[in-house]
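Chemist: Submitted below is the structure of interest, expressed as structure tokens.
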Amino acid sequence: MSFEEGDHVVLHDEHSEYDGETGKITQKVETMFGDANYTVSFDDGQEAGVPEDNLEEADVDEE
């Protein structure tokens, strides 16, 4: 599944301090191999260079 800027996602990366947290995609960067890496912002920081395989669509109700 491909994500776009503004999507809410759950990060799954046991090496990240944000593992299991829900954040918002603020940037999508295509690699030279055609894959995408994402920057995900959280309430207290951000994680950059996140591969698509480490993200899951979050079930968030926006008001």
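Chemist: Mind checking the dipole of region 8-57: about its Cα centre, +1 per Lys or Arg Cβ, -1 per Asp or Glu Cβ, Debye to the nearest 20?
Modeler: On the way: 2 positive and 14 negative charges, 60 e Å.
Here the size comes out at about 280 debye.
Chemist: A follow-up question, please. Just flag the chymotrypsin sites (Phe, Trp or Tyr not before Pro) in the chain sitting in loop per DSSP whose Cβ has no more than 13 other Cβ atoms within 10 Å. Walk me through the numbers on the way to the answer.
Modeler: On the way: sites: Phe3, Tyr18, Phe33, Tyr38, Phe42; in loops: Phe3, Tyr18, Phe33.
Those that pass, being in a loop and sparsely packed, are Phe33.
Chemist: Given Cα pairs under 8 Å that are at least 6 residues apart, what percent is the relative contact order of region 8-57?
Modeler: Across region 8-57, relative contact order equals 35 percent.
Chemist: Where Rh denotes the Kirkwood radius from the mean inverse Cα pair distance, what is Rg over Rh for region 8-57?
Modeler: A ratio of 0.95.
Chemist: Putting +1 on Lys and Arg Cβ atoms and -1 on Asp and Glu Cβ atoms, find which of Phe42, Met32, His15 reaches farthest to the positive end of the dipole of the chain.
Modeler: In the chain, that residue is Met32.
Computed from the coordinates by the stated procedures, all read-outs in this text should not be read as laboratory data. Quick caveat: nothing in here was measured; it's all calculated off a predicted structure. Virtual Cβ from ideal backbone geometry, glycine too; neighbours counted across all protein chains shown.
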